[in-house]
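Nothing in this text is a laboratory measurement; each read-out follows from the coordinates by a stated rule. Keep in mind that what you see is a predicted model, and the values were worked out from it rather than measured. Reconstructed Cβ throughout: ideal geometry from the backbone, glycine too, with neighbour counts over all protein chains shown.
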Amino acid sequence: MTSDPTVPTSPPAPAGQVDLFGHPVMVPAGPTQAPTEQDPEGTPAPTAVAGTSPAKGRRRGGVLPASALESDLALAAALSPHIRIGTSSWSYPGWQGHVWAGEHSESVLSRQGLTAYAQHPLLRAVSIDRGFYQSLTASQFERYAHLVPEGFRFLVKAPSAVTDAVVRTEDGRGRQTNEAFLDPRLALGSFVEPALEGLGDKAGALVFQLSPLPLDMLARMSEQLDRLWRMLKAMPAPASRPTGAVLAVEVRDPEWLCPDLVALLKDTGACYCLGLHPKLPPIQEQLPLLRAMWPGPLVARWNLHRKHGPYGYEDAQRLYGRYDQMLDPDPDTRAVLAKVMQATAEAGHEVLVTVSNHAEGSAPLSARALAEAVRDRAQPAVDETCERGSAGTQS
């Protein structure tokens with residue numbers, strides 16, 4: 001993972017946007033700038049043409065979507081409206097022909113690619129990962145929301161200043177204890193409030209991804225659970241959030257996966273984010289926790305293929321290159337995930353799943369394969385219903 005580029009000096013952010021130590025976060029000024037995934041500076045947002053959705057506007061010379069495949073359109077129509085599949089970010093040149101028409105640089109896609117991405121029939125959601133490195137303002141979230149159509153949802157990661165127990169160097173090594181770890185005021189002011197205000201009804205899941213804990217903190221898990229409970233208790237109740245917006249907790253240490261976590265999440269109205277990552281048990285071993293949380297929405301992030309091990313992001317990046325091919329299919333994980341997705345949607349609950357390029361090699365191709373797996377699970381039930389209806393007619 002890489003952090004955002006250096007941000008030019010700008011006026012202080014609005015009240016409540018603070019860094020790890022309580023200082024105002026520096027963010028770019030100017031309400032006409034469109035945020036990007038990698039650079040807080042941006043270009044003017046597309047201007048809506050009269051009679052069209054803002055998501056369909058396009059700046060001259062901007063990024064156009066790849067032509068939609070008839071098979072993808074049919075597949076999208078077959079999915080439950082409760083199911084939204086997306087990717088982790090969107091600024092990958094290797095997705096040319098899959099998501100983009102034409103060749104574009106990473107920086108151009110970061111600034112201008114979201115609108116084209118959101119026109120792909122199977123990509124109904126996306127993860128904003130840059131917020132993990134720097135808090136975003138409500139106006140930045142709002143500009144993201146204006147670039148996508150109705151029904152689209154965002155999954156947003158909380159800043160590491162809230163979710164990491166240590167302050168880290170650029171290479172990821174722990175430097176010192178983070179005194180603001182799971183601080184309720186920081187979580188609310190620098191993440192939850194601006195995200196809900198800016199995204200509105202396009203807020204899907206606000207995810208607190210808890211980074212690996214130091215050994216001494218793992219030995220005192222009851223303290224960490226208490227800390228998490230206090231933070232979540234201070235967050236807005238479900239009734240005061242936009243419809244469908246959930247708070248979710250994703251972990252990187254299996255020590256979190258215990259009955260106390262289930263009780264804590266139920267008590268605070270949060271949900272468990274199913275994390276598919278080699279640091280955690282495989283999906284089959286996490287199903288008991290999901291069953292204990294039932295009924296409710298499903299939030300899942302398919303992050304990294306298990307073959308790479310818990311520290312294998314760099315290996316995956318080198319192997320998968322441009323992220324334009326599915327090099328490491330994982331049909332077993334996909335099948336179990338599809339089963340959980342279909343069951344959740346059939347029960348009338350929302351499903352939000354994002355897939356990383358590092359899961360199988362190419363996130364858009366993984367999204368398509370996952371959608372096919374969900375459709376194929378639903379198809380036998382439809383066929384069986386039709387057969388029973390035909391039999392009844394003949395009798």
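Express in nm, to one decimal, how much length is gained between SER67 and ARG168 on full extension, taking 0.36 nm for each residue of separation and deducting their alpha carbon distance.
Difference between extended and current length: 32.1 nm.
Work out the FRET efficiency for ALA237 and SER107 from their Cβ-Cβ distance, taking R0 = 35 Å, and round it to the nearest 0.05.
0.30
Do any GluC sites (Glu not before Pro) in region 113-172 lie in a DSSP loop with no more than 15 other beta carbon atoms within 10 Å, and if so, which?
GLU150, GLU170
What percent does the relative contact order of region 71-118 come to when contacts are Cα pairs within less than 8 Å and at least six residues apart?
Once normalised by length, the contact order is 34 percent.
Rounded to the nearest 0.05, what FRET efficiency do ASP332 and MET221 have when you use their Cβ-Cβ distance and R0 = 41 Å?
0.85
How much length is gained if the chain between HIS349 and GLN284 is pulled fully straight, taking 0.36 nm per residue apart and subtracting their Cα-Cα distance, in nm to one decimal?
Here the answer is 21.3 nm.
What spacing in nm lies between the two simple spin-label points modelled at GLN176 and ALA74, each 7 Å away from Cα in the Cβ direction?
Result: 6.1 nm between the two label points.
Could you check the spin-label model distance between TYR313 and CYS258? Points 7 Å from the Cα along Cα→Cβ, value in nm.
For TYR313 paired with CYS258, the spin-label model returns 2.7 nm.
Roughly what would the spin-label model give for ARG185 and GLN325, points 7 Å off Cα along C-beta, in nm?
Label at ARG185, label at GLN325, 5.4 nm between them.
Take the Cβ-Cβ distance between ARG230 and ALA292 as r, set R0 to 25 Å, and report the resulting FRET efficiency rounded to the nearest 0.05.
0.70
Which chymotrypsin sites (Phe, Trp or Tyr not before Pro) in region 281-381 sit in a loop by DSSP (not H, G, I, E or B) and have at most 12 other Cβ atoms within 10 Å of their own Cβ?
Passing both the DSSP loop test and the Cβ count: TYR311.
With just the Cα atoms defining each centre, how far is region 301-326 from region 234-271? Give it in Å.
Region 301-326 and region 234-271 have Cα centres spaced 28 Å from each other.
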